[in-house]
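First up is the structure itself, then whatever we jot down about it.
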Amino acid sequence: MAESGGTVIIFDTTLRDGEQAARVNLNTGEKVQVARQLERLKVDVIEAGFPASSPGDFDAVRAVAQEVRHPVIAGLARTKERDIVSAGEALSGAAKARIHVFIATSPIHMEYKLKMTNAEVLKEVESAVRLARGIVSDVEFSAEDASRSDIDFLVDVFTLAIERGATTLNIPDTVGYAMPMEFGEFCGTIINRVNRPGVIWSVHCHNDLGLSVANSLSAVRAGARQVECTINGLGERAGNASMEEIVMSLRTRSDHFGADTGIDTSKFYSTSKLVSNLTGVLVQPNKAIVGVNAFAHEAGIHQHGMLCNRATYEIMTPESVGAPGTDLHLGKHSGRHAFNERVENLGYHITKEQSEKAFDYFKELCDKKKEVSDGDIEAFLTDRIIDVVPDRNYELKDFAVTVASGGKPTASITLTHLGQDITEASVGNGPVDAAYKAIRRILSFDPELLEFHIRATSELADAVGEAHVILRYKEIKAQGRGASTDIIEATIRAYVEAVNRLYYSAAAREVSI
Ligand code: KIV
Ligand code: ZN
């Protein structure tokens with residue numbers, strides 16, 4: 001019988017499934033930032049990446065495993081020997097390591113993707129789980145596309161995985177196909193038929209029909225005691241189940257679920273902003289729990305009700321998820337202590353040396369604008385402090401951009417490359433186009449611009465402008481961010497940063513540029 005009550009384990013896969021999403025590209029330093037904040041949020045398991053998928057992923061899993069000590073650190077692996085060995089190596093420095101092995105079990109995946117029979121898949125499960133268990137004592141097994149798999153076959157697959165040593169069994173709704181009631185019943189049936197008390201049943205739901213949170217919660221009602229989820233619901237296609245929505249549902253309706261998590265929910269808002277800033281994926285204003293409008297009451301009747309008693313229109317307090325009542329600005333009289341405290345509250349983890357540099361930049365900014373908002377601080381932290389690649393091929397030295405009504409914008413850019421200043425100029429359809437064309441003339445290669453957006457860090461006219469760029473060259477993608485009170489400078493800095501990251505990733509993968 002499925003257990004009821006107790007604690008639900010929160011397995012965060014922002015750095016693996018979330019990072020796998022289109023237009024998301026984090027480097028190792030950024031992944032460690034996110035992992036540190038996930039640790040403060042008190043997640044139980046961090047899936048840090050898929051080590052065999054690329055050298056970058058391997059490095060990131062290794063770095064997270066070495067630096068983040070409290071949660072379990074998981075690495076994903078197919079049933080292939082080289083994947084499992086690579087995950088084991090990347091996790092070797094972890095205080096608590098988990099190898100997460102998966103193989104697809106649905107007829108469509110087995111026939112067209114794996115080209116394997118049921119018997120062959122069972123053989124893979126057997127040898128892969130046994131191998132993983134020989135490396136670590138904590139092994140999770142996932143049956144990819146479980147919700148479209150034959151239930152009798154799934155029962156055999158999970159039973160075998162448990163017999164070979166898996167301690168967590170994951171039932172993914174890989175393509176977001178399930179319906180909440182149906183998925184709850186499906187999970188409950190598997191749990192009852194496999195009937196192994198002591199193992200943990202987990203779910204991993206995608207959001208293709210917008211039902212990932214509902215499906216995950218339905219599975220919790222049926223006995224699942226681990227939920228795989230991501231911050232802001234980031235993930236493949238329409239994303240994964242959003243952690244903040246799952247956790248706040250369990251907390252707010254503990255009467256319904258009789259189960260809770262160990263998450264420090266007051267860190268949700270800062271974690272959401274950190275992930276959004278580092279990935280460049282914006283959070284929709286009406287997003288539950290962490291959207292800027294999540295606690296804004298606009299209608300007169302609502303405001304009146306709120307003044308009488310907040311519970312009339314609020315089922316959770318903004319404080320419980322760390323949403324700021326008002327954005328308290330810092331200014332030139334703010335000291336180092338107040339600044340450092342704000343940086344920490346915003347979810348950033350910086351070294352003493354980085355903090356000195358950040359404070360100097362903050363003071364510089366105070367000379368340019370009267371008040372420095374949280375958004376301004378976040379923008380320059382990500383651009384100038386934690387976003388820096390160690391080996392820089394190009395540095396922005398100077399730029400001049402002219403825009404006049406009736407004429408074509410022109411840009412002249414000087415970059416320093418290997419100690420030499422190189423200047424090029426170009427006209428363009430707009431100032432950014434002109435600047436990017438001039439930069440491309442300086443470069444010895446021609447990267448493709450995959451993504452470009454600019455935003456202001458607050459509603460004020462003197463807000464810092466933040467630009468986000470993703471470039472691709474050959475199979476390598478790299479993002480760059482730039483922040484400045486001058487929006488054109490921000491866009492140029494973002495491009496140059498992305499170029500430097502392209503070089504860095506290319507060198508790590510031995511790809512020539
Ligand atoms: O969506 C999925 O099935 C996955 C598995 C690897 C767990 O991401
Ligand atoms: Zn997934």
Just to be sure before I move on: is Ile191 in contact with a Phe, Trp or Tyr (Cβ under 9 Å, 6 or more places away or on another chain), away from ligand 1 (no atom under 16 Å from the Cβ) and within 19 Å of Gly223 (Cα to Cα) in the structure I sent? yes
Only listed residue being touching a strand residue (DSSP E or B) at 6+ places or on another chain (Cβ under 6 Å), crowded, with 24+ Cβ neighbours inside 10 Å and β-branched (Val, Ile, Thr), chosen from Ile246, Ile231: Ile246
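Taking Ile162 as the residue in question, decide whether it is more than 18 Å from Gly88 (Cβ to Cβ), aliphatic (A, V, I, L, M) and outside any helix (DSSP H, G or I).
When the stated conditions are applied, Ile162 does not pass them.
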Please tell me if Arg82 is farther than 29 Å from Ile386 by Cα and surrounded by fewer than 24 Cβ atoms within 10 Å (Cβ to Cβ). yes
Selection from region 141-153 of residues that are within 13 Å of ligand 2 (Cβ to nearest atom), in a strand (DSSP E or B) and surrounded by 24 or more Cβ atoms within 10 Å (Cβ to Cβ): Ser142, Ala143
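Suppose we keep only residues that are assigned to a loop (DSSP other than H, G, I, E, B) and in contact with a helix residue (DSSP H, G or I) (Cβ under 8 Å, 6 or more places away or on another chain) within region 202-228. Which one would you say is nearest to ligand 1 (Cβ to nearest atom)? Steps first, please.
Residues of region 202-228 that are assigned to a loop (DSSP other than H, G, I, E, B), as a first pass: 207-211, 222-225.
Filter once more, so that each one left must be in contact with a helix residue (DSSP H, G or I) (Cβ under 8 Å, 6 or more places away or on another chain): 207, 211, 222-224.
Values: Asn207: 11, Leu211: 14, Ala222: 18, Gly223: 19, Ala224: 14 Å.
In this case the residue turns out to be Asn207.
Could you run through region 1-56 and say how many residues are within 16 Å of ligand 2 (Cβ to nearest atom) and over 18 Å from Phe268 (Cβ atoms)?
Taking region 1-56 and keeping what is within 16 Å of ligand 2 (Cβ to nearest atom), we get 10-22, 24, 45-50, 53.
Subset that is over 18 Å from Phe268 (Cβ atoms): 16-17, 19-22, 24, 47-50, 53.
Of the residues in that region, 12 qualify.
In the list Asp57, Asp12, which residue meets the criterion of being among the acidic types (Asp, Glu) and in contact with a Cys (Cβ under 9 Å, 6 or more places away or on another chain)? Lay out the reasoning, then the answer.
Working: Asp57 fails: in contact with a Cys (Cβ under 9 Å, 6 or more places away or on another chain).
When all the criteria are applied, what remains is Asp12.
Would you check which residues across region 122-140 are assigned to a helix (DSSP H, G or I) and either among the β-branched types (Val, Ile, Thr) or under 27 Å from His206 (Cα atoms) (or both) and list them?
Start the filter on region 122-140 by keeping residues that are assigned to a helix (DSSP H, G or I), which leaves 122-135.
Within region 122-140, Leu122, Glu124, Val125, Glu126, Ala128, Val129, Ala132, Ile135 meet the criteria.
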Do we have Thr416 as hydroxyl-bearing (Ser, Thr, Tyr) and under 22 Å from the mean Cα position of the chain (by Cα) here? no
What are the residues in region 166-186 that are buried (at least 19 other Cβ atoms within 10 Å of the Cβ), over 21 Å from the mean Cα position of the chain (by Cα) and either within 14 Å of ligand 1 (Cβ to nearest atom) or not in a helix (DSSP H, G or I) (or both), if any? Ala166, Thr168, Leu169, Ile171, Ala178, Phe183
Of the residues Thr174, Thr167, only one is within 12 Å of ligand 2 (Cβ to nearest atom), in contact with a strand residue (DSSP E or B) (Cβ under 7 Å, 6 or more places away or on another chain) and modelled with pLDDT of 95 or more; which? Thr174
Output the residue which, of all residues in region 187-228 that are of a type in the set (D, E, K, R) and within 16 Å of ligand 2 (Cβ to nearest atom), is surrounded by the fewest Cβ atoms within 10 Å (Cβ to Cβ). Asp208
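The values are calculated or read from the model by the stated rules, or taken from the named source; none is laboratory data. Here the structure is a predicted model, which means the values were calculated and not measured. We place every Cβ from the backbone using ideal geometry, glycine too, and count neighbours over all the protein chains shown.
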